[in-house]
């Protein structure tokens, strides 16, 4: 009886140690937890589309040349971990919804019912201190988390000067570390 118990305990220990080693491998290879800037506004800059920032144009959320204008300033309004993200100029929060066959971001009233299950977290990429992914918190088991992905408009800038926009993609959890494409990477910079 004691011998069986020891065998089970050893097996449990080996599996636990294996799990810790595997977990450690995942944590060091992929995104690591980070924080949104606390109690201050910030810009969200695309790594892929160099020199562009997330910008609010009414309800539209687009990529435009970084200008330091208030339309490009954002706040984490629910704290620094998992939060709604609000534009300083419009007072609207980011909502991801289906538009033209892709899930895209737009600005809505921060009390909008669609935001009840939409919170965003910023995750640093291992090996970098200045860039990470912006990922939607998954609220039900089995639902993939979505992360932001920058894209440019075919044919160049629109009449408003927007050069691209943001959609959400599900592949960001499958790709780790340096293999993560630049279109999934963002930099947060506090505004002065």
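Got a sec? Which of 95, 63, 75 is within 20 Å of residue 131 (Cα to Cα) and without any contact (Cβ under 8 Å) to a residue 40 or more places away in the chain? Let's see the steps before the verdict.
Numbers: 95 fails: within 20 Å of residue 131 (Cα to Cα); 63 fails: without any contact (Cβ under 8 Å) to a residue 40 or more places away in the chain.
Going through 95, 63, 75 in turn, the sole match is 75.
Scan the stretch 88-96 and give yes if some residue there is modelled with pLDDT under 90 and not in a strand (DSSP E or B), otherwise no.
Keep residues of the stretch 88-96 that are modelled with pLDDT under 90, which gives 96.
Now drop any that are not not in a strand (DSSP E or B), which leaves none.
Checking the stretch 88-96: not a single residue is modelled with pLDDT under 90 and not in a strand (DSSP E or B).
Just to be sure before I move on: is residue 114 assigned to a helix (DSSP H, G or I), surrounded by fewer than 19 Cβ atoms within 10 Å (Cβ to Cβ) and either in contact with a strand residue (DSSP E or B) (Cβ under 6 Å, 6 or more places away or on another chain) or at pLDDT 90 or above (or both) in the structure I sent?
Yes.
The values are calculated or read from the model by the stated rules, or taken from the named source; none is laboratory data. Since we're looking at a predicted model, the values are computed, not measured. When we count neighbours, we look across all protein chains shown, and the Cβ atoms used for this are built from the backbone with ideal geometry, even at glycine.
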